[in-house]
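Only one structure is covered here, and it is reproduced in the block below.
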Amino acid sequence: MKLVKVAAAVVNQTPLDWQGNRDRILGAIEEANLNEASILCLPELCITGYGCEDAFLSADVQRTALAVLKEIAPQTRDMFVTLGLPMTYRGVLYNVVAILADGEIVGFVPKQNLAGDGIHYEPRWFKPWPVGLRAEVEIDGREYPFGDLVFRIDDALIGLEICEDAWVADRPGSRQARIGVDIILNPSASHFAFGKHEIRQRFVLEGSRAFHASYVYANLLGNEAGRAIYDGDAMIATGGRMLAVGPRLSFHSFLVTTAVIDLDLTRMYRARSEAFRPDYQGSQQPVVHVPFVLPEIEPAPARFDRAEWEMSPDLKQEEFTRAVALGLYDYLLKSRSGGFVVSMSGGADSAATALLCSLSLRMAAEELGFGALKESLDFIKAAKNADSVEALIGAILDCVYQATRNSGQTTLAAARQVSDAIHAKFHHFHVDKIVELYTELGAQAIGRPLNWATDDIALQNIQARTRAPSVWLLANLRGSLLLSTSNRSEAAVGYATMDGDTSGGLCPIAGIDKAFLRKWLAWMETTGPNGFGPTPALNAINVQAPTAELRPQESGQTDEADLMPYDLLDAIERAAIRDKQSPLESYRQMLALFPQYDEEQLAHWIERFFKLWSRNQWKRERYAPSFHLDDENLDPKTWCRFPILSGGFERELAEMWRAVRHEGEEEN
């Protein structure tokens, strides 16, 4: 046996938080050292933070990152450590992994495949490094190897795949395997999305099997820069078998996962594999020899323990709850806000938002301990005297119900009931007199009284907008973060009042559709996340038909009557926006998915969707930042771009209607 203890460290970093980022890295190094790990993989760009955006281009940022690297290096005695930073070579910027060994910098490996799709924008700042190229970089008068390298420590050969490198068909690991690498390290910054862990797990396992090597994967953790959430995946595999998996979506600032690997075992797999074809002479992969002796260690059992919630039949609900809860906690912490304020309508969206705020604190308390949670929030004055997590929630979370004459007792009771159940502070504001004043101003301006027959949209919107100043005032008084409560389905069709219910500094649920939110609330009512249980008070929300409650009560206003059934709306959105289908293609797909609806009615709904989508891009441009949760995001700043002014699909809709009418004539 040739045994080596390896470690994957996940760290919760913040862009340009030099001291905090350094201290968390040093904490992870210390913990790995205490666990007697010889090789440690830390995430991509963990010195600066991954989400620095155009600040990467600052020469001062690059200099400071290198200075921090030099501060970290002496703390790597008796270890081989990889960690990421931006670096220039001949005036060009690269996304680089620095290699430290026994307290010294020993080389640098730039990323070969840049992430330039979805929310990633790496080609804006970095250039890809050419395959097989080795160079030298000078630091403080000393030359260091820089390029497409592998490293030999003792008799172990170590290669790297940096995040996206492992997602492409021509993986660097396949070239490294041909010269017999023993260990591949993957420092990553891979954002959370539903089901993405399973994809990562597949390429980690397949990499370790196909490359006849051990594979160590370390991802970032937490809400690093505002929109993206990182789940802190840490995996160690060997020969196609998983040895260790770290906890995901943790509230800790860093975590270290270790495993003992047997180099002789993977070499034996390589030796007996008829498919393995070495390429020692033809390889362009330069080897850097590092003076480092691996200690002799004893065998240790593999720890492949997964959290119970990871095996839930309701995994998407669990992931949604924990990802958004972590995102909210980190946002509160890193923005140093005084708490959360939610305009509580008594409907599904605001109830979901408030519930997630409460869960973020409950989950943090469960994992960190109440004392550590309270200490992390010591900048919030209102929380200083809290002696329980329930009291802490009451000090931090304000829910505000703002009534007009069109508000009903049902929504008031539901808002109060849910607020009490989640331990939030509840406020009941009456804003009808303010609405009347604005209505009178409008009547003066146009020289006639306003009425529902001619001024429907204006009368609805003024109620929503009148509610915004009150909650902004409360948020300002508390120094809190005002959360807006629009979901993705509303964003798609602009079913929200700009500067009304869209008001806020963060919109936690704008990345998820209404149909899923309703299912999630039903699940939260009866089941809830593992270890936390249900919230039965949500029944008061779930029994209602969603409504904006802005028209007079006798109108019986509902969201689906204003728009269309939410499950249909979300299906059209996926077809039209995610899959870029035309109105006619969307219509044909909806015919197959929703045979219960009349064909002409389906066409009307599809036309409504495309028209509303086109005319409401300006609203999506102004939405508060939201969390990225899947590949159906509509955020124009990170995922889904569309012109503010467009032709509105007129030609395409006409084509759809010709097909609909032709099919109708054939049936007759």
State the percentage of accessible surface on region 497-643 attributable to carbon and sulfur atoms; use a 1.4 Å probe and exclude ligands, DNA and RNA. 49 percent
Accessible area of region 1-111 with a 1.4 Å probe: how many percent of it is carbon plus sulfur? 45 percent
Using only Cα atoms, tell me the angle between helix 650-667 and the longest principal axis of the chain; keep it within 0 to 90° and round to the nearest 10. 70 degrees
Rounded to the nearest 10 degrees, what's the angle between the helix 456-478 long axis and the longest principal axis of the chain, both from Cα atoms, 0 to 90? 50 degrees
How long are the three semi-axes of the equivalent ellipsoid for region 1-127, computed from the Cα gyration tensor as the root of 5 times each eigenvalue, in whole Å, largest first? 25, 15, 14
Solvent-accessible area per residue for region 251-334 at a 1.4 Å probe radius, Å²? 55 Å²
Per residue, in Å², the accessible surface of region 501-632 once ligands and nucleic acids are set aside, probe 1.4 Å: 39 Å²
Within straight-line cross-link reach of residue 611, lysines at Cα separation under 20 Å, skipping those fewer than 8 residues along the same chain: 514, 580, 619
With runs of 4+ DSSP H residues as the only contributors, calculate the mean residue ellipticity of the chain at 222 nm using -39,500 (n - 2.57) per run, divided by the residue total and rounded to the nearest 500. -12000 deg cm²/dmol
For region 406-412, take each phi angle, set θ = phi - 60°, evaluate the Karplus expression 6.51 cos²θ - 1.76 cosθ + 1.60, and give the result in whole Hz per residue in order, putting x for glycine and proline. 8, 7, x, 5, 5, 6, 4
How many percent of the accessible area of region 116-177 is carbon or sulfur, using a 1.4 Å probe? 48 percent
At q = 0.15 Å⁻¹, what base-10 log of I(q)/I(0) does the Debye formula yield for region 299-428 when every alpha carbon is treated as an equal point scatterer in vacuo? -0.76
Describe numerically, in nm with one decimal, the distance between label points set 7 Å from Cα along Cα→Cβ at residue 264 and at residue 124. 5.2 nm
One computes Rg over Rh for the chain from alpha-carbon atoms, with the Kirkwood Rh, and obtains 1.02
Listed highest first by mean packing, meaning other Cβ atoms within 10 Å per residue, what order do 561-572, 591-602, 415-426 come in? 415-426, 561-572, 591-602
So how much slack lies between residue 241 and residue 67, counting 0.36 nm per residue of separation and subtracting their Cα-Cα distance, in nm? 58.8 nm
Going highest first, how would you order 452-458, 501-507, 66-72, 528-534 by mean Cβ packing within 10 Å? 501-507, 66-72, 528-534, 452-458
For residue 381, give me every one of the lysines with a C-alpha distance below 24 angstrom, ignoring sequence neighbours fewer than eight places off in its own chain. 334, 425
Tell me, what is the per residue accessible area of region 1-110 in Å², probe radius 1.4 Å? 33 Å²
Could the peptides 508-516, 437-445, 376-384 be put in order, highest first, of the mean number of other beta-carbon atoms found within 10 Å of their residues? 508-516, 376-384, 437-445
Between region 415-460 and region 162-232, the alpha-carbon center distance in angstrom: 52 Å
So the label point goes 7 Å from the Cα of residue 312 along Cα→C-beta, right? Which residues of region 347-362 then have their backbone N under 12 Å from it? none
For the Cα atoms of the chain, what angle does the longest principal axis make with the long axis of helix 263-272, in degrees from 0 to 90, nearest 10? 90 degrees
Could you give the nm distance between label points at residue 413 and residue 621, where each point is 7 Å from its Cα heading toward the beta carbon? 4.5 nm
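The values are calculated or read from the model by the stated rules, or taken from the named source; none is laboratory data. Just so it is clear, the model here is predicted, and its values are computed rather than measured. Glycine gets a Cβ as well: all are built from the backbone with ideal geometry, and neighbour counts include every protein chain shown. Accessible surface areas use protein heavy atoms only, side chains included; no ligands, DNA or RNA. Shrake-Rupley method; radii C 1.70, N 1.55, O 1.52, S 1.80 Å.
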